[in-house]
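Asks: Got a structure for you, questions after.
The values are calculated or read from the model by the stated rules, or taken from the named source; none is laboratory data. What you are looking at is a predicted structure, and each value in this text was computed from that prediction instead of being measured. All Cβ positions, even for glycine, are placed from backbone atoms using ideal geometry, and neighbour counts span all protein chains on display.
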Amino acid sequence: QNPISSQIVYQHKIDGEDGLLAKSGCSSRNSCFVYFEVHSSGKSELKSSNILLLSEFKSAVGLVKPHLTVNVDGPFVTANHYFTFNIALETDHIAPFVWLEVANIP
């Protein structure tokens, strides 16, 4: 197989009685999304985590304002970097598209 190619590796209907919505118990495209990971068969360190929105994001129903907690440990000195931080982000609800911004780090 040519390494610079693509092919369909999985295909499934979303709507209909045997579609993903019916099998998952999701009431509509506005209430659910699909999360999936793609792993390389040749190199275990290659992985892509993805979401597939089944409708426009502004039409989503059921989202609740999340309470976010951020814990930061560091800085640590490692073999390659002087400033390494461990960041843990926790939330009580789904929090799509969280943006982390850091200021005043030397």
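Asks: Tell me, please, whether a residue that is touching an Asp or Glu at 6+ places or on another chain (Cβ under 7 Å) and aliphatic (A, V, I, L, M) can be found in region 43-62.
Replies: No, that holds for no residue.
Asks: Follow-up question, since we're still on this one. Quick check on LYS43: is it at pLDDT below 85 and either loosely packed, with under 10 Cβ neighbours inside 10 Å or on the phi < 0 side of the Ramachandran plot (or both)?
Replies: Criteria met by LYS43.
Asks: Spot the failing condition for PRO96; the list is (1) at pLDDT 90 or above; (2) touching a helix residue (DSSP H, G or I) at 6+ places or on another chain (Cβ under 8 Å), and only one is missed.
Replies: (1) is the only condition that PRO96 fails.
Asks: Please determine, by comparing only the residues of region 73-91 that are surrounded by 11 or more Cβ atoms within 10 Å (Cβ to Cβ) and at pLDDT 90 or above, which one is nearest to ARG29 (Cα to Cα).
Replies: Per the criteria, the residue is THR91.
Asks: Please go through region 22-40 and give me each residue that is touching a residue at least 12 places away in the same chain (Cβ under 8 Å) and surrounded by 11 or more Cβ atoms within 10 Å (Cβ to Cβ), ordered by number.
Replies: Listed by number, the residues that qualify are SER28, ARG29, ASN30, SER31, CYS32, PHE33, VAL34, VAL38.
Asks: For VAL64, only one of the following conditions fails: (1) within 17 Å of PHE33 (Cα to Cα); (2) in contact with a His (Cβ under 9 Å, 6 or more places away or on another chain); (3) surrounded by 11 or more Cβ atoms within 10 Å (Cβ to Cβ); (4) of a type outside the set (Asp, Glu). What is its number?
Replies: (3)
Asks: Would you mention how many residues in region 71-106 are part of a loop (DSSP other than H, G, I, E, B) and not aromatic (Phe, Trp, Tyr)? Can you show your working first?
Replies: Initially, region 71-106 is screened for residues part of a loop (DSSP other than H, G, I, E, B), giving 77-83, 92-106.
If we keep only those that are not aromatic (Phe, Trp, Tyr) as well, we get 77-81, 92-96, 98, 100-106.
Total satisfying the criteria: 18.
Asks: Name the residue that is nearest to GLN7 (Cα to Cα), counting only residues in region 38-62 that are within 15 Å of the chain's Cα centre (by Cα) and not in a strand (DSSP E or B).
Replies: Of everything passing the filter in region 38-62, LEU54 is nearest to GLN7 (Cα to Cα).
Asks: Here's another thing I want to ask about it. Restricting to region 1-29, what's the tally of residues that are in contact with a helix residue (DSSP H, G or I) (Cβ under 9 Å, 6 or more places away or on another chain) and either modelled with pLDDT under 85 or small (Gly, Ala, Ser) (or both)?
Replies: Final tally of qualifying residues: 3.
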